[in-house]
Amino acid sequence: MLLVWLAALPLPFGSVVERARVPLIAVPIALCIVSTLLRLYAVRNRANTSQPTRPWLIWAGGCALFLVVGALQLVPLPPSLLRAVSPESHAIWSAASRVAELAGVRAGSSHPISIDPDATLFELFRVAALFAAFSASGLLVRTPARRLALAAVICLTAFFEAMYGVREAALQRYQIWGWTNKLIFNRVTGTFVNPNHFAHYLAIALPMALFVGAVAWYRTGKPDTPLRQRLLALVEKQALWTALALLAAVVSVIGILLAQSRGALLALAAGILIVASCLPGRRLTRAALAAAAGLLLVAVLAFFLGTERTSLFRFLHSSLDEPTLGGRRIGIDAAVLLWQRFPALGSGLGTFEHAVFMAQREDLGKTYHHAHDDYAEIAATAGTIGYLIAIVSLFGGYFALMRMTFGRAGADLSWLRRAFQAAALASLTIAMVHALVDFNFFIPANPATLAVIAGAAVAVVDYDKRTRR
């Protein structure tokens, strides 16, 4: 059920439409509750059978605290307390109350910090669903076979997304389930509305293809097995997994190029290089080889597809004053100004599009629904307290997972588990880099997919095959 839900997430326009809200939130919460109860029943007669990993504890604790901040934004506060906690919210609610009284409507005296409680409530449920997906994945995806199945499902979904987008572009229709995309033309979008969010999904899915390929290579023999023998075994015994890995990786790169997303391409390169430089052995050599292989693959595919149709064309013909970069700057500046107006607890989760006109100084004919920088938008809507919780827990869990994968903390883990953790780190790094210039955290399918990957990477280790000394 978790894998079916995961594969279905990108299909309804990245789960941003109204009809996708119920399955987006209800399914992972239900799966989390059921899997937790089953897990407690299974270990009822055992003692200390499950040892939560450190990154799991950091991320789970950070998410719980972030949910507490979001819940506090919905609590009605008396005027004196609201004025002390958030003067700007107090001013807005006081003005609204006066207008309501002039219209003959009696308004209460207590009001929440959030300037739009309905939007904050939905965002609170969405973040809770991400936490539930993360926890359910950590409870369910604990064995090498299940991690391989998870990676395979993500690869197949990415393959479908890319092929669907290429088909629509080849037919010059640019439709998504019959809906014609009149917002962005001549760029492949899959089943997403925005090509950048489609490219981001492919970018975080590509490390899963590399993991599948690494597993196929690992099963062909030992390190001292001759190269020719391993290549023959790769074709004869691991043909299915090898084909899946190659197709998913190549098609994902093609989709990113045809989406013409510069941010996704740069984030993909940064994520792969950072993780490649952490691998044991000759790190500089590995990073250089990874960079050379990536550049060669991109160059060959861009030449085959036509440079003018890919993101390389946008790199070659970009300028600092083009509308895309200007729009990002305006949204980020507005988010920073909103943060200054709501410094402690923010304007309320999910309220950026309602509060942006309080700080937007340019391009007033457009509504910026998001800031094109996840970090800036979280700071504006969650305030300094929520921002610190999110950043400290995010990077704390990230570095803990890094140590658990490449340090002495992971010495007793199986090779397959550490390989999946390395792929998950690559996906996380890609998302963290791309978050600097886009708002993929607020496109539901992308963070939900990442949450499932992260949960499987930091699951309990009691079922792993450890090295016995």
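Here, each number is a calculation from the coordinates, and none is a lab measurement. Everything quoted here is computed from the prediction, not taken from an experiment. Because the Cβ atoms are built from the backbone with ideal geometry, glycine has one as well, and the counts that use them run over all protein chains shown.
Net charge near residue 35, counting Lys/Arg +1 and Asp/Glu -1 over other residues with Cβ under 14 Å of its Cβ?
+3
With each label point set 7 Å from Cα along the Cα-Cβ vector, what nm distance links residue 170 and residue 145?
Label-label distance for residue 170 and residue 145, simple model: 3.7 nm.
Considering the options 409, 264, 276, tell which one lies farthest towards the positive end of the dipole of the chain, charges being +1 on Lys and Arg and -1 on Asp and Glu at the Cβ, about the Cα centre.
Of the candidates, 409 comes out farthest on the positive side.
Can you check what the net charge comes to around residue 221, using other residues whose Cβ is under 15 Å from the Cβ of residue 221 (Lys, Arg +1; Asp, Glu -1)?
Overall, the nearby charge balance is +3.
Checking the a/c ratio against 1.5 first, then a/b against b/c, what shape does the Cα gyration tensor give for the range 127-256?
Verdict is oblate for the range 127-256.
Explain nothing, just compute: Karplus ³J(HN,Hα) = 6.51 cos²θ - 1.76 cosθ + 1.60, θ = phi - 60°, for every residue of the range 113-123 in order, whole Hz, x for Gly and Pro.
Values per residue, Gly and Pro as x: 6, 5, 7, 9, x, 5, 5, 5, 5, 5, 5 Hz.
Using the count of nearby Cβ atoms within 10 Å as a rough guide to exposure, how do 189, 384, 367, 53 rank from fewest to most?
Least to most surrounded, the residues fall as 367, 384, 53, 189.
When the chain is fully extended, how far beyond the present Cα-Cα distance does residue 227 get from residue 22, taking 0.36 nm per residue of separation?
Extending this stretch completely gives an extra 68.7 nm.
Using the per-residue mean of other Cβ atoms lying within 10 Å as a proxy for protection, in what order, highest first, do the peptides 222-229, 157-164 fall?
157-164, 222-229
Using only helices, what value at 222 nm comes out for the chain when you add -39,500 (n - 2.57) per DSSP H run of length 4 or more and divide by the total residues, to the nearest 500 deg cm²/dmol?
Computed mean residue ellipticity for the chain: -22500 deg cm²/dmol.
So for the chain, taking the charge dipole from beta-carbon charges (+1 Lys/Arg, -1 Asp/Glu), which of 227, 350, 34 sits furthest toward the positive end?
The listed residue farthest towards the positive side: 227.
Restricting to lysine pairs 8 or more places apart or on different chains, what number in the chain have Cα atoms under 26 Å apart?
Going through the chain pair by pair, I get 4.
For mean projected area of the Cα convex hull in nm², pick the label among [x] 26.0; [y] 30.5; [z] 50.0 that corresponds to the value derived from the coordinates.
The listed entry that was calculated here is [x].
Note down the net charge around residue 176, summing +1 for each Lys or Arg and -1 for each Asp or Glu among other residues with Cβ under 15 Å from its Cβ.
+3
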